[in-house]
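Worksheet for the structure shown next.
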Amino acid sequence: MSVFQADVLAGRVALITGGGSGICKGIAEAYLAHGAKVCICGRSQERLDSAAADLREKTGGEVIGISCDVRQLDQVDNLVAATLKHFGKLDTLINGAAGNFLAPAAALRPKGFRTVIEIDLLGTFQVTRACFDALHQSGDGLVLNISATLQYHGTPMQIHASAAKAGIDALTRNLAVEWGPLGIRANAIAPGAIDDTEGMRKLAPGGLKQKFLKHIPLRRYGNIQEIADMAVFVRTSAAAYINGTILVVDGGHCVVAPGVSDFMPD
Ligand code: HXC
Ligand code: NAP
């Protein structure tokens, strides 16, 4: 049961990169359930078709899936053109496409570093830039980037993803300043560790998941619904003055002072 009115996003059209799985599929579901029309993108058309069918069944909403590698400019241009052709407008862009793996800095090949930077950071820039005209014409555009919190401190085996997400935070602030006057807000959501996601499976394998819990003040992992709710909120009129902000949803993990986790009450 949602805390938002069922039609709070009626009339909205959102493009959600990475919307075929995990957190961004959850955001797509929440947007559809609240009346928005949605295009999801990822590299695998098969995955998108299956996700779109599932989303239609769950919400009855209008959703299409268009395959696109966000690193490839021609595919990005096609994605935006196809979305506009289908829906006639676009007022919301959610940049969630990302790639990650655990790798120590000394062993990480430059190609691996480049791959993550190109998917997360360059991809976010390319899709955002391609959407500019449509967001501008909508008169009430929103860019919502999916960031993270690992870049706030040094995080082992995450030099590539940390650099990419720090760059995404910088994009968010710069867009807010340059495009705010043109009627386009730019914000980011920084999820903490979200349960039942590819990110968690990759970054907290084996016993690490249980071990990590003591560092989160709320003593639990987040869930996809909690990120999706924040994404709906940012698109509502209640958030109309929120611009250039990185909204952290992490159970308090990133504000824990260094070394105090062992002293926190159980
Ligand atoms: C070290 C690796 C590696 C690994 C890839 N590489 N996997 N290095 N350890 N496990 C490096 C290698 O140098 C490799 O080239 C290069 O990356 C490119 O790998 P490819 O597999 O050819 O790339 P590609 O097919 O484009 O796939 C991209 C990917 C893949 C990122 C590597 O994992 C992917 O598609 N991921 C998408 C889904 C995903 O990762 N979701 C999780 C998002 S979670 P060579 O030639 O040397 O092999 C997330 C969480 C953020 O973002 C914060 C959480 C707290
Ligand atoms: P996920 O399910 O793997 O989502 C990533 C999506 O990006 C997939 O649907 C993938 O689809 C797509 N993608 C990857 N490379 C792409 C490319 N080159 N072009 C287009 N699409 C591409 O992972 P998730 O854990 O839900 O993460 C979603 C977002 O939340 C990411 O931005 C991630 O950094 C962020 N995040 C996650 C967590 C967490 O705890 N999970 C924490 C902080 C931040 P294809 O493989 O089909 O292309």
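The values are calculated or read from the model by the stated rules, or taken from the named source; none is laboratory data. The structure displayed is predicted, hence computed values, not measured ones. When we count neighbours, we look across all protein chains shown, and the Cβ atoms used for this are built from the backbone with ideal geometry, even at glycine. What goes into the accessible areas is simple: the full protein's heavy atoms, side chains included, and nothing from ligands, DNA or RNA. Shrake-Rupley method; radii C 1.70, N 1.55, O 1.52, S 1.80 Å.
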Largest first and rounded to whole Å, the semi-axes √(5λ) derived from the alpha carbon gyration tensor of the range 62-105 read 27, 12, 9
How much length is gained on full extension from residue 73 to residue 220, taking 0.36 nm per residue of separation minus their Cα-Cα distance?
-> 49.0 nm
Kirkwood radius from Cα pairs of the range 116-266 plugged into Stokes-Einstein at 37 °C, 0.692 mPa s, gives D in µm²/s equal to 198
On average, how much accessible surface per residue is there in the chain, in Å², for a 1.4 Å probe, leaving out ligands, DNA and RNA?
-> 48
Calculate, in nm to one decimal, what residue 208 and residue 140 gain on full extension: separation in residues at 0.36 nm each, minus their alpha carbon distance.
-> 20.2 nm
Once you've got the Cα coordinates, tell me which of 111/211; 165/209; 111/214; 37/214; 111/202; 58/89 are over 28 Å apart.
-> 111/211; 111/214; 37/214
If you average over every viewing direction, what projected area does the convex hull of the Cα atoms of the chain give, in nm²?
-> 14.4
Taking the mean number of other Cβ atoms within 10 Å as a proxy for protection, how do you rank 50-57, 237-244 from highest to lowest?
-> 50-57, 237-244
Could you work out how far helix 224-235 tilts from the main Cα principal axis of the chain, as a 0 to 90 degree angle to the nearest 10?
-> 50
Simple SL model, points at 7 angstrom along Cα→Cβ for residue 111 and residue 195; separation in nm is 3.9
The ³J(HN,Hα) series, computed from each phi in the range 36-52 with the Karplus coefficients 6.51, -1.76 and 1.60 at θ = phi - 60°, rounded to the nearest Hz and given as x for glycine or proline, is 6, 9, 9, 10, 9, 9, x, 7, 9, 5, 4, 5, 5, 4, 5, 5, 5
Which of 126, 265, 246 sits farthest toward the positive end of the charge dipole of the chain, with +1 on the Cβ of Lys and Arg and -1 on the Cβ of Asp and Glu?
-> 265
Could you work out which residue, out of 40, 94, 216, moves most in a Gaussian network model of the chain, that is, has the largest mean-square fluctuation with Cα springs under 10 Å?
-> 216
So how much slack lies between residue 129 and residue 237, counting 0.36 nm per residue of separation and subtracting their Cα-Cα distance, in nm?
-> 36.5 nm
Sites residue 89 and residue 45, calculated FRET efficiency, Cβ-Cβ separation with R0 30 Å, nearest 0.05 = 0.80
At a 1.4 Å probe, what is the % contribution of carbon and sulfur to the accessible area of the chain?
-> 55
Using alpha carbon centroids, what distance separates the range 67-144 and the range 18-50, in Å?
-> 14
Cut-off 13 Å between beta-carbons: net charge of the residues surrounding residue 129, Lys and Arg +1, Asp and Glu -1 | -3
Ranked highest first by the average count of other Cβ atoms within 10 Å around their residues, in what order do 130-138, 27-35, 195-203 fall?
-> 27-35, 130-138, 195-203
Under 14 Å, Cβ to Cβ, from residue 209 - net charge with Lys/Arg +1 and Asp/Glu -1 | +3
Largest first and rounded to whole Å, the semi-axes √(5λ) derived from the alpha carbon gyration tensor of the range 198-261 read 27, 15, 9
